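Engineer: Submitted below is the structure of interest, expressed as structure tokens.
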Amino acid sequence: MPTKKSSQQIEGRSRRAPSQPPHGPARFGHSVHTTAADIIHENLHTAIATMVLRPGTAISETHLAAEHGVSRTPVREALLRLAKERLVEIVPKSGTFVGRIPVSALIEALVARRALESVVARRAAEVATQSAVLELRALVERQREIVTPEDLPRFHQVDEDFHAMLAKMAGYNGIWELVRQIKLQVDRYRHLTLPQEGRVGMVIKEHAAVVDAIERGDTVAAAEAMETHLDKLQLDIKVFRELWPDYFVHDYPLDG
């Protein structure tokens, strides 16, 4: 007759004392509860990051509270979070406004992104399969199909897909998540640059150069092509800062 197992023997595991460290697969708890402040923050975050709300645009706490059917408390909580992310500026006795793009943070993010993604491109050239290269080429072709200004948000999304695919090919998904965290001001800046004459075609050409190098298995050329692609954004900051001076915080000297 089978013996009854103790609770410590269930599923072949021993009960761990509370003071002992974890073992086995990592388990990270996370909250699934979404608050009103979370929703307001996410909506504003997206609108600011995509330049739907441009720098300097006034933000009304009263309007947001009415729009979301909440008190002003969660609105203020969301705005404080956005202020910490440098996406809104809270001006005493004046109001809350969409934040300007800090040039110093923009440059630092571009430098960090270039360093990280050149590593990704180099690794992708080492390990890429032909099917993965074809997926990259398909993304470049999808960008070629975008020909009107109204399609630029989709162009930006395909651009995101391209860089995410590179990281997946390289086995560096974690690096892409890191890049996403640091490039918020870069995204705002890129939404300014894309409508400029010739910019879309240049991006497509640069992406194609990265794919060509990866297909050849040329690690050095792949890294250099990625660096060239991302360098262009930094080189043009002065131009776009002069076009829209009110959109930037001029906290970093630019030569020339």
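Engineer: Using the beta-carbon distance between residue 148 and residue 73 and R0 = 41 Å, what value does 1/(1 + (r/R0)^6) give for FRET efficiency, to the nearest 0.05?
Structural biologist: 0.45
Engineer: Let me ask another. Between residue 160 and residue 62, how many nm apart are label points set 7 Å from Cα along the C-beta direction?
Structural biologist: Going by the 7 Å Cα→Cβ label model, 3.4 nm.
Engineer: Mind checking the full-extension length gain between residue 202 and residue 108? Use 0.36 nm per residue of separation minus the Cα-Cα distance, one decimal, nm.
Structural biologist: That works out to 31.5 nm of additional length.
Engineer: Can you list the residues of the range 95-135 with backbone N under 13 Å from a point 7 Å past the Cα of residue 250, pointing along Cα to Cβ?
Structural biologist: It comes to 103, nothing else.
Engineer: Let me ask something additional. Read phi for every residue in the range 213-229 and hand back ³J(HN,Hα) as whole Hz from Karplus 6.51 cos²θ - 1.76 cosθ + 1.60, θ = phi - 60°, with x for Gly and Pro.
Structural biologist: 5, 5, 5, 6, x, 8, 5, 5, 5, 5, 5, 5, 5, 5, 5, 4, 4
Engineer: Next question. For a quick check: with amide H placed at 1.01 Å from N, whose amide H comes under 5 Å from residue 248's, ignoring anything fewer than 5 positions away on the same chain?
Structural biologist: Sorted by chain and number, the residues that satisfy this are 101.
Engineer: Continuing with the same structure: Could you please state how large a percent of the accessible area of the range 81-221 is carbon and sulfur, counting protein chains only and using a 1.4 Å probe?
Structural biologist: Carbon and sulfur: 53 percent of the exposed surface of the range 81-221.
Engineer: What nm value, rounded to one decimal, do you get for the distance between residue 180 and residue 137 when each label is placed 7 Å out toward the C-beta?
Structural biologist: 2.8 nm
Engineer: To continue, here is another question. Between residue 238 and residue 90, what length in nm is gained on full extension when 0.36 nm per residue of separation is reduced by their alpha carbon distance?
Structural biologist: Separation in residues times 0.36 nm, less the Cα-Cα distance, equals 50.7 nm.
Engineer: Right, something else. Among (i) 24, 22, 18; (ii) 38, 32, 17; (iii) 33, 27, 13, which one is semi-axes √(5λ) of the Cα gyration tensor in Å computed from these coordinates?
Structural biologist: (ii)
Engineer: List nothing, just return the count: lysine pairs in the chain, 8 or more apart or interchain, with Cα separation under 28 Å.
Structural biologist: Close lysine pairs under the 28 Å cut-off: 11.
Engineer: What number, rounded to the nearest 500 deg cm²/dmol, is the helix-based mean residue ellipticity at 222 nm of the chain, given -39500 (n - 2.57) per DSSP H run of at least four residues and division by all its residues?
Structural biologist: So the helix-based figure for the chain works out to -19500 deg cm²/dmol.
Engineer: Quickly work out the residue 20-to-residue 130 label distance, labels modelled 7 Å from Cα along the C-beta direction, and quote it in nm with one decimal.
Structural biologist: 5.3 nm
Engineer: Ignoring ligands, DNA and RNA, what accessible area per residue does the chain give at 1.4 Å, in Å²?
Structural biologist: Heavy-atom accessible area per residue stands at 58 Å².
Engineer: Using the Cα centre of the chain as origin and beta-carbon charges of +1 (Lys, Arg) and -1 (Asp, Glu), tell me which of 73, 153, 193 is placed farthest towards the positive end of the dipole.
Structural biologist: Positive-most Cα among the choices belongs to 73.
The values are calculated or read from the model by the stated rules, or taken from the named source; none is laboratory data. Fair warning: this is a prediction, and the values are worked out from it, not measured in the lab. As a convention, Cβ positions derive from the backbone with ideal geometry for all residues, glycine included, and neighbour counts pool all protein chains shown. These accessible areas exclude ligands, DNA and RNA; they are computed on the full protein's heavy atoms, side chains included. Shrake-Rupley method; radii C 1.70, N 1.55, O 1.52, S 1.80 Å.
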